[in-house]
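Structure record follows, encoded as structure tokens.
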Amino acid sequence: MQPKRCFWAKPGNPLYIRYHDEEWGRPVHDDRHLLEMLILESFQAGLTWECVLNKREAFREAFRGFDRDSIIAFDDSDIERLMGNPSIIRNRAKIRAAIANTRVFKEIQSEYGSFDAYLATFCPDAPLRDHTSTVSAWSDAISADLRRRGMKFVGSTIIHAFLQAIGIIDAHEPSCFLHHNSK
């Protein structure tokens, strides 16, 4: 018998099930992984997470393993390379935002020591347990600050989804076998 999962974890997609069971909602403190998730969540804007997740490996390859300094060095030829890659989401505005956002990410790391430390200034009592909201006071504040710093595609809903993915917001449903056990 399959364990009960959150409603969105589609049983017909093994990649999605593995993501739900092994990654989503588990605390992440590694800045490289935080950058990956922030970029992927920004590509989700207007799309489904399943669409992004199905292209994740292609994104990892196209964005050079989400190596911060490699992304910062991307130029117009890299943008054209990415626009020509049918295995990723080819949206010029999102690609440009990923590069610019990575520059801001590096500035935040320089200021706080790590992006993880930056997030902790907004969410000192993590995890917040909430499986019904699509925004929160934390996502509102982080989104506003990231936009003030120049990031794009980081609205409160995107940041809330990011915080859920990296375990700052525990959003597993009460009926899910991982409810309050993902820590």
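The values are calculated or read from the model by the stated rules, or taken from the named source; none is laboratory data. Because the structure is predicted, anything quoted here is derived from the model rather than measured. So basically every Cβ, Gly included, is an ideal-geometry build from the backbone, and we count neighbours across all protein chains shown. The area values use the complete protein model at the heavy-atom level, side chains included, leaving out ligands, DNA and RNA. Shrake-Rupley method; radii C 1.70, N 1.55, O 1.52, S 1.80 Å.
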Over the chain, what relative contact order in percent results from Cα pairs under 8 Å that are six or more residues apart?
32
Compute the acute angle (0 to 90°) between the alpha-carbon long axis of helix 92-112 and the principal axis of greatest extent of the alpha-carbon atoms of the chain; round to the nearest 10°.
80
Once Rh for the range 81-183 is found with the Kirkwood sum over Cα pairs, what is the Stokes-Einstein diffusion coefficient at 4 °C and 1.567 mPa s, in µm²/s?
86
How high is the relative contact order of the range 120-181, given as a whole-number percent (alpha carbon pairs under 8 Å, six or more residues apart)?
39
With charges set only on the Cβ (+1 for Lys and Arg, -1 for Asp and Glu), what does the dipole of the chain come to about its Cα centre, in debye to the nearest 20?
420
Given a cut-off of under 8 Å on Cα pairs at least six residues apart, what relative contact order in percent is computed for the range 1-102?
23
Viscosity 1.002 mPa s, temperature 20 °C: give me the Stokes-Einstein translational D for the range 1-88 in µm²/s, with Rh taken as the Kirkwood radius over C-alpha pairs.
148
Loop-resident chymotrypsin sites (Phe, Trp or Tyr not before Pro) in the range 1-46 with no more than 15 other Cβ atoms inside 10 Å, DSSP not H/G/I/E/B, are PHE7, TRP8
Within a Gaussian network of the chain (alpha carbon springs, distance under 10 Å), most fluctuating of PRO27, PRO127, PRO86
PRO86
For n ≥ 4 DSSP H runs only, could you compute -39500 (n - 2.57) per run for the chain, divide by its residues and tell me the 222 nm figure to the nearest 500?
-16000 deg cm²/dmol
Return the carbon/sulfur percentage of the accessible area of the chain, one whole number, probe 1.4 Å, all protein chains in place.
52
Subtracting the Cα-Cα distance from 0.36 nm times the residue separation, let me have the gained length for GLU61 to THR134 in nm, one decimal.
23.3 nm
For the chain: lysine pairs under 26 Å (alpha-carbon distance), excluding those fewer than 8 apart on one chain:
10
accessible surface per residue for the chain, probe 1.4 Å, DNA/RNA/ligands not counted, whole Å² -> 48
For the chain, what is the Kirkwood estimate of the hydrodynamic radius, computed as the reciprocal of the mean inverse distance between distinct Cα atoms, to one decimal in Å?
16.8
